[in-house]
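Working notes, beginning with the structure itself.
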Amino acid sequence: MEKPTIDSQGHTGLSRRSFVNSVATGAAAEAAVLTLPGAAAQTGTKPPQDGEMVAVVLQINGRTHSMNVEPRWTLQYVLRDRLGLMATKDGCERGECGACTVLIDGISRYSCLTLAVEAAGCQITTVEGLMNGEQLGTVQQAFIEEDAFQCGYCTPGQVVSVEALLRKTPEPTFEQIREGVSGNLCRCGAYNHIFRAAQRAAELRKVGRG
Amino acid sequence: MPRIDGYERVSGTAVFPLDVILPNMLYGAILRCPHAHATVKAVDTAKAREMPGVHAVLTDADPEAQIGWFSRPGSAGSGSPALSRLFDPHCRFEGEEVAAVAADSPQQAWDAVRAIRVEYEVLPFVSDMEAALKPGAPDVQEGGNRMGNPRETKRGDVEKGFAEADVVLEETYRTSCDIHTCVEAHGSVVQWDGDRLTVWDTNQGPFPIQAALAGALRMPLSKVRVISSYMGGGFGSKLNLGKYSVIAALMARKAARPVKLFLTREETFLAVGNRPAHIMKLKAGVKKDGTLTALQLTGVGEMGAYPAATAVGYQVGDLYKCPNVRIEETMAYINAGPNRAFRAPGFPQCSWALEQMMDALAEKIGMDPVDLRLKNISTVCQMDNNKPYTSTGLRECLSEGARAFNWKESRSRPKGEGPWVRGVGVAGGMWGSQNGPPATVIVKLYADGSANLNMGAADLGTGTKTVMAMIVAEELGVPMDRIQVENADTGNTQFTSQSGGSKTVYVDSPAVRAAALEVKSSLLDMAAAQLKVPAADLNFKDGEILAETGTQRLALRDLRQLQMQQAVVGVAVRGPVQSDKVVRPFVTHFAEVEVNTRTGEVRVVRMLAAHDSGRVMNLLTYRNQVFGGFIMGLGLATMERRILDPVTGKMANANWHDYKIPTAKDVPAQMTVLPIDLHDTECNTTGTKGIGEPAMIPSAAAIANAFYHATGVRITAAPITPSQVLTLLAERKTKG
Ligand code: FES
Ligand code: FES
């Protein structure tokens, strides 16, 4: 599975182009300054002062959120503490556990290692976005059927990783499933049931596709 | 049976304490001592107080922060002065609390923490138990680094036993210090309403937290409400009140606003417990026919900077029949975070030593390791006056497990030419302590036939709520989807002790059953009055009252008294059980490993866990828990280890990149659970004995034995890391 690749400046694998575009959208909307040194150099504006906010537009689960953020705020912090989308969990805030996994343009990423300004302009999907109203998505359904969790704290992240896997690989092998959730730690050790749930979800989707 | 709270957990609607956000809430952060041993000379918070968003700063200079912490060994609750306090200037381990801040945002709180200037006097430290016990080591606590006198347990005469043996072996085994690392970090959200304190806290049972918090803040129990209906993993590390809860409460009072204070991942590695490292010297004697004649264990445990003893000897004294036993245990203070209970405290360590020793003995006398264990089964508790066990499933775990694992055949299969070689191993075990009752449970049946179960127990992810609801369903015939469970809230559920020691189902399920039975008997009394027949002739089944003769039926909606009072309540209190028998779960784990003799990699490819934990209430959650326990044991065996830097005494791997825990890629592809149910009617009224801890007890030892079978090299120090494997394989080559 693809996890954010981090370069030496701490950026995720989002392309520079999409990043600059997203910031530019924000700048147009609220005439705010640009955010990261690289981007600032390209446009000649000065980086924001401590605590200064910049405007971003975030596309989360199909809704548009226009908001001001501090450049240092992570996507995880914005989702949880600013928007109250608590299904995205917080296990480490340092890219180790995967509890904060979300889809960004369909690819699973750690939201704690993604700055909100970087995610602007991308399609962000959280566990809330995998549901149809109150109805569970196929992966969630499979997780219940196979009892693929214990405490449940790593679970939303696992669900998102399995979702990302199945979107790319609808009929994964056992090794592909292992690989697909290998960026998500589960201290309760529910892995075996998570593998079963991924297989079950693949079946459910196959039936769904007809 | 899928869990009744599955929807909440997979949809993200379950509100864990870390997810609680209150209006006007502040975020707290703690400044911790960066040194292994230091005295705080001065704390300058002037700059922090002026920073944007900061609303409260708390240090040892605040009179309300003078709260004692860590009691002297054996003096808990005696009123004798504590060993330390909330922000004690004498910091005995890296990560001790020095000051705290509450601010509008977490970023502001951390900015302010970083702006606090602290002057430390750095002191000499000791970070290794053997060094700590040597003369001249820096004292971690006054009076030296040995906690009290060694604890000794004795029966028979070990010297006589060794003399009678045909084979005597002696070996020193070591286990490392392991960290719980629950995925939800430790922390609380606190709110004051006048003199009432409400705390959303992630713990293993809110009642002891409520009591400790009320004690620390000198408040009546009735004014402290602790809510922990969901929690993200504990494994023993969330049985205790954390300083963070008290600090949050004091800052919330200062700022007159709610405060959320959760630890960062790094802090959880330093300050909220661990499984202490142990050195276990074990000597064992056996006759040629496999009869054990003597066992002698000398254990030293690495306690950390404050008293928290973990004993490892129990299984040596109780698992196998042995007339001559001597166990001596010591705990040593070092300058590092104190230990806490960690899934089956002491037991996996003991298994690591005892079960590898059994393996070595079997080899020496040319006996199959399964047969050697079968030869030495005891049906009485040798550690408790030879009282009989209510049931002893060890024999069945071993023999049926061996059959299901295909032990004999797997054992004789070729090991491979390399670089990958394979082997299989076995280890037995038992869980030796059961936290007891009391527990109070309320079951309420509504006029429409739906039911409410009100219990204090937390659900750690073990499926407790589901299992308890199943008991109500079983007794009252109410469908599962019409049962609502309220739990783990001191404000509106009933007292029970914490979930720890695999006691929840064992202790609380009989209380649930009794409460449901009380509801039933009240219903029958009402029906008897209405139908004018003796209650003894009536039965309640599937939502209807039936007369014994089968001719008279009464639906709940026609039961006049119930419709008038709208609900029937059954209350059950389970008091301490006095019994002349002993309840013990038993277990045997089998493992198959592959070892790469070129790279030192170890892969566990297959496991089977045979468990006698009494009746299996819910196979789905049971299996999950057993696998989870085995995997935690796999972590202990092959990767987990706290590393303290010898130069600075600081933890070198306080994060999940450097401290490895098992991931999806480390778990065996083939995992099997074999429940052994001997229909124990004496352990309690539900026939259950507890599964949480037994699930992890022998797994590490089974892996170590499989490693030996594969390579012919005995690894006595956990974890079995590739570098250790390569060193030992190379040594064997040179020695020939
Ligand atoms: S919270 Fe993002 S990886 Fe752990
Ligand atoms: S279910 Fe508890 S950490 Fe995965």
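Here are some notes:
- Only listed residue being within 14 Å of chain A (Cβ to nearest Cβ) and either surrounded by fewer than 15 Cβ atoms within 10 Å (Cβ to Cβ) or at positive phi (or both), chosen from B:63, B:52: B:52
- Any chance residue B:344 is assigned by TED's automatic domain parsing to the domain that holds residue B:366, at pLDDT below 95, aliphatic (A, V, I, L, M) and buried (at least 22 other Cβ atoms within 10 Å of the Cβ): yes
- When residue B:103 is tested against the conditions (1) within 14 Å of chain A (Cβ to nearest Cβ); (2) farther than 25 Å from residue A:74 by Cβ; (3) open to solvent by less than 10 Å² (accessible area, probe 1.4 Å), the lone failure is (2).
- Meets criteria (within 16 Å of ligand 1 (Cβ to nearest atom), under 19 Å from residue A:62 (Cα atoms) and within 11 Å of chain B (Cβ to nearest Cβ)) for residue A:155: no
- Every residue from region B:610-637 that is more than 14 Å from chain A (Cβ to nearest Cβ) and buried (at least 23 other Cβ atoms within 10 Å of the Cβ): B:610, B:611, B:612, B:613, B:614
- Restricting region A:120-151 to residues that are out of contact with any strand residue (DSSP E or B) (no Cβ under 6 Å at 6 or more places or on another chain) and aliphatic (A, V, I, L, M), the residue that is nearest to ligand 2 (Cβ to nearest atom): A:148
- Only one entry of A:55, A:32, A:28 meets the criterion of being open to solvent by less than 60 Å² (accessible area, probe 1.4 Å), more than 24 Å from residue B:659 (Cα to Cα) and either in a loop (DSSP other than H, G, I, E, B) or modelled with pLDDT under 65 (or both), and that entry is A:32.
- Restricted to region B:638-663, and to residues there that are more than 22 Å from the chain's Cα centre (by Cα) and within 16 Å of ligand 1 (Cβ to nearest atom), the residue that is farthest from the other protein chains (Cβ to nearest Cβ) is B:658.
- Residue B:187 vs. criteria within 16 Å of ligand 1 (Cβ to nearest atom) and not assigned by TED's automatic domain parsing to the domain that holds residue B:663: yes
- Flag for residue A:207 being within 24 Å of residue B:2 (Cβ to Cβ), of a type in the set (Val, Ile, Thr) and modelled with pLDDT under 95: yes
- Tally of residues being among the small types (Gly, Ala, Ser), more than 27 Å from the chain's Cα centre (by Cα) and in a helix (DSSP H, G or I) across region B:358-402: 4
- Selection status of residue A:182, within 22 Å of residue B:181 (Cα to Cα) and either surrounded by fewer than 24 Cβ atoms within 10 Å (Cβ to Cβ) or at the interface with another protein chain (Cβ under 8 Å from one of its Cβ atoms) (or both): yes
The values are calculated or read from the model by the stated rules, or taken from the named source; none is laboratory data. Here the structure is a predicted model, which is why all the values come from computation and not from measurement. Glycine also receives a Cβ, built like all others from the backbone with ideal geometry; neighbour counts cover every protein chain displayed. For the accessible areas, the whole protein counts, side chains as well, though only heavy atoms, and no ligand, DNA or RNA atoms are used. Shrake-Rupley method; radii C 1.70, N 1.55, O 1.52, S 1.80 Å.
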